[in-house]
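Written below as structure tokens is the structure these notes are about.
The values are calculated or read from the model by the stated rules, or taken from the named source; none is laboratory data. All values reported here derive from a predicted model rather than from experimental measurement. We place every Cβ from the backbone using ideal geometry, glycine too, and count neighbours over all the protein chains shown. When the accessible area is computed, the model is the full protein with side chains, heavy atoms only, and any ligands, DNA or RNA have been set aside. Shrake-Rupley method; radii C 1.70, N 1.55, O 1.52, S 1.80 Å.
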Amino acid sequence: MKFKQAICFLTIIFLISITVTVFSQDAEIVEPIDHFGFKPGTDRELITYEELIDYLNILDENSEKLKMIEIGKSPFGKPIYICFVSSPENIANLDELKTINRSLMLDTEIPDQEREEIIEKGKVFVLATLSMHSKEVGPSQSAPLIAYDLITTSEINKLTWLDDVVYMMVPCHNPDGMDMIVEHYKKYKDTKYEGSSMPGVYHKYVGHDNNRDFVTLTQTDTKAIASIYNLEWFPQVMVEKHQMGSRGVRYFVPPPHDPIAENIDAGIWNWIGIFGSNMITDMTKDGLAGVSQHYLFDEYWPGSTGTCQWKNVIGMLTEAASVQVAKPIYIEPNELTVRGKGLSEYKKSVNMPLPWEGGWWRLGDIIDYEVSSTMSILKTASNHRTEILEFINDLCRREVEKGKTEAPYYYVMPLNQNDQGELVGIVNLLKEHGINVYQLNHDLIISNVIYGSGDIVVPMAQPFRPFIKEVLEDQEFPLRHYTPDGEIIKPYDVTSWSLPLHRGVQCIEINIRSTELENSLTEITDSFNLNKEEIEYNAIILPANNNESYRAAFMAMGLGLKVFRLADDVITDEKEFKKGSFYIERSDKLNNILQTLTVSPVFLKSGFDYKLNEINMPRIGLTESWFHDMDAGWTRYVLDEYHIPFTILRPADFETTDLKDNFDIVIFPNVSKNVLMDGKYKSGSTYYISSYPPEYTKGMGEIGMEKLMEFLDGGGIIVSWGRSTQLFDTNLKIKHSEDDNEEFKLPFKSITNELKEAGLYCPGPLIKVNIKQNHPLTYGLEKDAGILFKGSQVFSTSIPKFDMDRRVIAVFPEKDILLSGYCENEKKLANKTAMVWLKKGKGQIVLMGFSPQFRASTQGTYKLLFNSILLESIK
């Protein structure tokens, strides 16, 4: 009896000590409301990125359940973190669990006994990326509450989740944009413009389009996030947290609507459905109305964080209805509306079983939905821990087996390409995506085709087979209809992303298996490079067909070196040099540039006695409106990457800027004529007032346009593409003096509207154009190219009058127009003009009906932009 009493006494003492220890630890963990001075989600209150990270670092210092790890930098240099939340044991064993994740995701040959053991030890890693679109503030503002709840909870069910699951929270996907948005909101707080749109893009370059960068991986924040599932941690589950418009459903959870990607395994879609069904059930149980699924958002195109689905991750999206940043809004019941996919009426339905009835909608409401959905995901991951880990390795095995037994078996990219630098770029990009890439180590013949030593081979027998196939094949849109033979379900975004086609690289699909080929491969383990150092040389030729030749030429000019272009094609005993290639003489500065190349230039060891034209760096004005001008942002990115200096011109600047004295070239990216001229949106004949503060809504106006025409008249060059070309499709006027106004119409017009009325529909396919050869605008381009075409502008030309002229630079072919993606009635484009050069006096205008640098993903047409920049003035 005394023994039992002693045991009981010791047990009580032990429990008291545990309680005291936990209480002591929790006492050091300050609640968000005490740390920030308000509870995140409070009306009209926001925390900055630095405040968010500071708080999470305090939690890291005071809790064994949370660990912060830096994974990269934002474009402006802010650190990006993963915040790991789990049980103390799991946090202490992260390295071992990381190794288990890698094995389950990539290893097809784990012995059965070992597999059972590591699955028993393994945990489900749930990756959540928050607020990549910075005006969608709710997810990041909820992060402190979620973290605090999980590390201080005493609820048995949540403790169980943390035993089974490692929650990987990226507190903010876009740190730069988060601070921009918060700063703008606070600037206008307590004014009539509180909750207004932030002028410019909430990112160094691309704004909302950071969610379109997960194939091309151009931005540093994108690279950091993608490396989590491509190369480093290999989570099994991912959720991307967003917000949407204010007047529809309150929250979207998976599964998505059709169409879905056909290369992704059915099991991924099934698991997405399980997580989504549990979310809507749990959120409804929590009293949260207006939750929908199978609505609006499809999962057909890669480009978002959801691209992880092609890497065998159970990837999901949630979307919350927005407020005016942090300012509450009141919504009348009859203002609630839905559209399109999944819901045709705002009524109770299987896709929204508990409609929200309207009323006040607050940031705090968004956060309640974020917390509830997150907890549901963790619960589902915990409940299905073993099944999910088994599924991931089963899927790895299944995809590798498909690669061995189903066509295609390999993709081959010949070493000899028109632009070898873009071949190098694809190889290194695929490796960044976690793909194994090889080279042939000797010549061989397959199906009567000779493949050469050094050719690039990507075998399909890899765990990430779905991604390989998705980005190396031509896209064929999975056509789905709302009713049999009825209206099609239109794609959410673009319909083409084939890396070889977009970059102008030849890629061959091999549909028979060859053991000889498989035994002739050498893996590329390091960064791929075709640049070979040369010690003895006098000068170099940089071929015009390589994009990186332009980068080197712009770098050289920026360093003050003399740069020349070949005036004619040159054929010597050993080499053939195309017109427009670059010639630079040796110097120490040039040697530094050569080290940045991925493809060797042609080294000249003796004199070069051919005609050369010296070129100089032009002074560039790049027009960028304040209206979240993403295409201009992408243009800035490309210009920076190619070392091309520029000055930003806002539309209002045209009225006060002497363009003739300050610029040689003015560039207008793809933006509405009405935004440029009037600072307003327009649909049909109706103008719409924007949500920007008035100081950011001034357009060029008549005086600004007058200044632009003076610039043209003085020999200036204008480069314009997409919707901005409409600026010049009207009667124009040059004011020579008070009494001398010259009115003229350039010899072209847009025929876009009539083609659309005739049934043309182009949701971002890759379309073939024939390129005019031996023209200064097309140096380095082959006779055919692919353009990413969203039906923006198509032109017709006419016989010019007076001192005007025109040349058609790119024309849609007679047949075989569609290269990749989806287009309706593309035959309407046959023989129509896609790009035209115009002359007025000494002025020149280059018009393109497409963006030549679309989202930094169409390297095959970059040279049209670079050659436009290097266009010689008319003397």
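Lysine pair count for segment 305-458 with Cα-Cα distance under 23 Å and sequence separation of 8 or more or different chains is 5.
Projecting the Cα atoms of PHE125, PRO111, ILE80 onto the charge dipole of segment 70-140, computed from C-beta unit charges around the Cα centre, puts ILE80 farthest toward the positive end.
The length gained on full extension between ALA830 and ASP640, counted as 0.36 nm times the residue separation minus their Cα-Cα distance, comes to 64.8 nm. For the chain, the share of DSSP beta bridges that are antiparallel, to the nearest 5, is 65%. Measuring nothing but how far apart in sequence close Cα pairs (under 8 Å, 6+ apart) lie, relative to its length, segment 720-829 scores a relative contact order of 32 percent.
Please report, in debye to the nearest 20, how large the charge dipole of segment 756-875 is about its Cα centre when each Lys and Arg carries +1 at its beta carbon and each Asp and Glu carries -1 there.
340 debye
Heavy-atom accessible area for ILE268, with the other protein chains in place and a 1.4 Å probe, reaches approximately 0 Å².
Taking segment 356-374 and a reference point 7 angstrom along Cα→Cβ of ASN334, the backbone N atoms nearer than 17 Å belong to 357-359. Farthest towards the positive end of the charge dipole of the chain, among the residues THR657, LEU732, SER873, is the Cα of LEU732, using unit charges on the Cβ of Lys, Arg, Asp and Glu.
Across the options ILE388, LEU429, LEU354, the greatest Cα extent toward the positive end of the charge dipole of segment 322-473 (unit charges at beta carbon of Lys, Arg, Asp, Glu) belongs to LEU354. Pairs over the 18 Å Cα-Cα cut-off, from the set LYS698/LYS842; LYS98/LYS241; LYS490/LYS790; LYS842/LYS875; LYS673/LYS772; LYS673/LYS698: LYS698/LYS842; LYS98/LYS241; LYS673/LYS772.
Judged by the gyration tensor of its Cα atoms, with axes a ≥ b ≥ c, segment 51-126 is oblate; a/c meets the 1.5 cut and b/c is at least as large as a/b. Does segment 298-346 come out rounded, prolate or oblate by the C-alpha gyration tensor, with a ≥ b ≥ c the root eigenvalues, rounded set by a/c under 1.5 and, if not, prolate when a/b is larger than b/c and oblate if not? Judged from the Cα gyration tensor, segment 298-346 comes out oblate (a/c at least 1.5, b/c at or above a/b). Against the main long axis of the alpha-carbon atoms of the chain, helix 420-432 sits at an angle near 0°. I'd like the distance separating the alpha-carbon centroids of segment 297-361 and segment 717-786, in whole Å. About 38 Å separates the Cα centre of segment 297-361 from the one of segment 717-786. Taking a point 7 Å out from the Cα of ILE69 in the direction of its Cβ, the residues of segment 222-244 whose backbone N falls within less than 11 Å of it are 228-229, 232-235.
The residues ARG650, ARG513, ARG465, sorted by heavy-atom accessible surface at 1.4 Å with ligands and nucleic acids left out, run ARG513, ARG650, ARG465 from largest to smallest. Taking the Cα centre of the chain as reference, the dipole from Cβ charges on Lys and Arg (+1) and Asp and Glu (-1) amounts to some 1820 debye. Surface composition of segment 397-439: carbon plus sulfur atoms contribute 40% of the solvent-accessible area (1.4 Å probe, protein chains only, all chains present). List residues of segment 45-65, by number, whose backbone nitrogen lies under 12 Å from a label position 7 Å along Cα→C-beta of LYS189. Answer for this model: 45-48.
Do any GluC sites (Glu not before Pro) in segment 483-519 lie in a DSSP loop with no more than 10 other beta carbon atoms within 10 Å, and if so, which?
Answer in residue order: GLU487.
Placing dummy labels 7 Å off each Cα toward the beta-carbon, the span from GLU782 to ASP588 is 4.2 nm. The H on the amide N of TRP497, modeled in the peptide plane, is under 5 Å from the matching H of GLN475, each at least 5 residues off or on a different chain. Once the Cα-Cα distance is subtracted from the 0.36 nm per residue extended length, the ASP54 to GLU406 segment shows a gain of 121.6 nm. Each label was represented as a point 7 Å from its Cα along the Cα-to-Cβ direction; for ASN418 and VAL30 these points are 6.1 nm apart.
From the Cα gyration tensor of segment 625-775, with a ≥ b ≥ c the square roots of its eigenvalues, which class applies: rounded if a/c is under 1.5, or else prolate if a/b is larger than b/c, or else oblate? Because its axes are fairly even, with a/c under 1.5, segment 625-775 counts as rounded.
Can you sort MET835, MET617, MET804 by 1.4 Å-probe accessible area, starting with the largest?
MET617, MET804, MET835
Taking 7 Å steps out from each Cα toward its Cβ at GLU155 and GLU695 produces label points 4.6 nm apart.
Of the GluC sites (Glu not before Pro) found in segment 102-162, those that fall in a DSSP loop while having at most 12 other beta-carbon atoms within 10 Å are GLU109, GLU155. Can you work out the FRET efficiency for the pair SER349 and LEU530, with r the C-beta to C-beta distance and R0 = 60 Å, to the nearest 0.05? Calculated transfer efficiency: 0.55.
Between the beta carbons of ASP258 and THR596, assuming R0 = 60 Å, the FRET efficiency works out to 0.85 to the nearest 0.05.
Roughly how many Å² is the accessible area per residue of segment 524-586, as a whole number, for a 1.4 Å probe?
Using a 1.4 Å probe on heavy atoms only, each residue of segment 524-586 averages 50 Å².
Annotation note: GluC sites (Glu not before Pro) in segment 324-398 located in DSSP loop regions with a Cβ neighbour count of at most 12 within 10 Å are GLU345, GLU357. Accessible surface for TYR610 stands near 100 Å², nearest 10, in the context of the full protein assembly shown (1.4 Å probe).
Computed from backbone phi, the HN-Hα couplings of segment 710-722 come to 5, 4, 4, 4, x, x, x, 10, 10, 10, 9, 9, x Hz, rounded to whole numbers (Karplus: 6.51 cos²θ - 1.76 cosθ + 1.60, θ = phi - 60°; Gly and Pro given as x).
Heavy-atom accessible area for LYS611, with the other protein chains in place and a 1.4 Å probe, reaches approximately 130 Å². Taking ARG807, ARG565 and ordering them by how much accessible surface each has at a 1.4 Å probe, largest first, produces ARG807, ARG565.
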